[in-house]
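Scroll down for the structure; my scribbles are underneath it.
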Amino acid sequence: MKSLLTFIILVGITMSTFAQIKVNHLAVHVSNLAESKEFYQKIVGLVEIDEPFKDGLHAWYDIGGGAALHIIEAPNIPTQISKVNHLCFSMKDMDAFMTTLKNADYPFESWQGEKGKVTIRVDGIRQIYIQDPDGLWLEINDDY
């Protein structure tokens, strides 16, 4: 009985510790900072926030909930690119976002790779996929 009580207390402490964790930032390796900044600002529509390093190799963007996207220019971009490894942004008006992509002649596709098509997940969420200038996949969905 005493070991069961100890286990319950430890699980409770562990769970309350994890409940205090939040996303601070996601870091993405880019090969050309200026090109990537233009993509994340003009295509994705993110707002740049203060960048603490001031070295010309970093940019930070507000992605909501107190979290930031941190893009870092560095050599040796990984060559293995997979759609499974992706960032996901939820858009309030995904139709307007797709219109922006079409007007910019920026390609998007479904999960299956069908150009200009939308995937509808089993839960009804619509999603498309685009690539940043280094080929990193971004999922854009309407789960806002």
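The values are calculated or read from the model by the stated rules, or taken from the named source; none is laboratory data. Treat the numbers as computed from the prediction; the structure is a model and nothing was measured. All Cβ positions, even for glycine, are placed from backbone atoms using ideal geometry, and neighbour counts span all protein chains on display.
Tabulated data for the structure shown
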read-out	value
Some residue of region 109-123 being over 14 Å from VAL44 (Cα atoms), at pLDDT below 95 and under 16 Å from the mean Cα position of the chain (by Cα)	yes
Matching option when the condition is surrounded by 18 or more Cβ atoms within 10 Å (Cβ to Cβ), modelled with pLDDT of 90 or more, outside any loop (DSSP other than H, G, I, E, B) and among the small types (Gly, Ala, Ser), among ALA59, ALA96	ALA59
Exclusive hit being within 22 Å of TYR129 (Cβ to Cβ), among the small types (Gly, Ala, Ser) and out of contact with any Ser or Thr (no Cβ under 6 Å at 6 or more places or on another chain), set ALA67, ALA74	ALA67
Count of residues meeting criterion [hydrophobic (A, V, I, L, M, F, W, C) and surrounded by fewer than 18 Cβ atoms within 10 Å (Cβ to Cβ)] in region 112-136	3
Extreme residue, surrounded by the most Cβ atoms within 10 Å (Cβ to Cβ), among residues of region 67-93 that are of a type outside the set (A, V, I, L, M) and farther than 18 Å from VAL28 by Cβ	ASP93
Matching residues in region 16-50 - criterion: being modelled with pLDDT of 95 or more, among the hydroxyl-bearing types (Ser, Thr, Tyr) and farther than 12 Å from GLU73 by Cβ	TYR40
Residue check for LEU138: modelled with pLDDT of 90 or more and under 18 Å from HIS25 (Cα atoms)	yes
Every residue from region 71-102 that is under 15 Å from PHE39 (Cβ atoms) and without any contact (Cβ under 8 Å) to a residue 60 or more places away in the chain	ILE71, ILE72, GLU73, ILE77, HIS86, PHE89, PHE97, THR100, LEU101
